[in-house]
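The values are calculated or read from the model by the stated rules, or taken from the named source; none is laboratory data. Here the structure is a predicted model, which is why all the values come from computation and not from measurement. Reconstructed Cβ throughout: ideal geometry from the backbone, glycine too, with neighbour counts over all protein chains shown. Ligands, DNA and RNA are stripped out before the accessible areas are found, and what is left, the full protein with its side chains, is counted by its heavy atoms. Shrake-Rupley method; radii C 1.70, N 1.55, O 1.52, S 1.80 Å.
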Amino acid sequence: VQLEESGGGLVQAGGSLRLSCAASGITSSINVMGWYRQAPGKQRELVAAITSDSGTTNYADSVKGRFTISRDNAKNTMYLQMNSLKPEDTAVYYCNARSGVGRPSTWYDYWGQGTQVTVSS
């Protein structure tokens, strides 16, 4: 599985951006896709995730009500619509895909190269 992100950039506080993550390869094996972010000096954290089968989503508390994750299975593409952006949302955003069969503990993680999102105050 290969993942390619796009859509990052510089935006003023209160603005919006949409990130995209295109998956290629054996995409039928993907169980969950998600967005993570890592700010300088901080650990990588989960922002939002969506399951492949039911489309169930979950969000970090810090982005609930502002970010929306979605997925177009026909295009093998995942999106993150980010509204009401804040300076603290500034980070490198990574696309993640969890692939495999059986128990989640045995799944393999694939990562994109990351895309920078910078929110100015």
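Among the candidates Asp89, Asp109, single out the residue that is open to solvent by less than 60 Å² (accessible area, probe 1.4 Å), out of contact with any Pro (no Cβ under 7 Å at 6 or more places or on another chain) and free of Cβ contacts under 8 Å to residues at least 24 places away in the same chain.
That would be Asp109, the only listed residue that is open to solvent by less than 60 Å² (accessible area, probe 1.4 Å), out of contact with any Pro (no Cβ under 7 Å at 6 or more places or on another chain) and free of Cβ contacts under 8 Å to residues at least 24 places away in the same chain.
I want to confirm something. Restricting to segment 24-39 and keeping residues that are of a type in the set (Ser, Thr, Tyr) and open to solvent by 30 Å² or more (accessible area, probe 1.4 Å), which single residue is nearest to Asp89 (Cα to Cα)? Please lay out each step first, then the result.
First, the residues of segment 24-39 that are of a type in the set (Ser, Thr, Tyr): 24, 27-29, 36.
From the residues that got through so far, the ones that are open to solvent by 30 Å² or more (accessible area, probe 1.4 Å) too are 24, 28-29, 36.
Working: Ser24: 28, Ser28: 31, Ser29: 31, Tyr36: 11 Å.
Ranking the candidates gives Tyr36 first.
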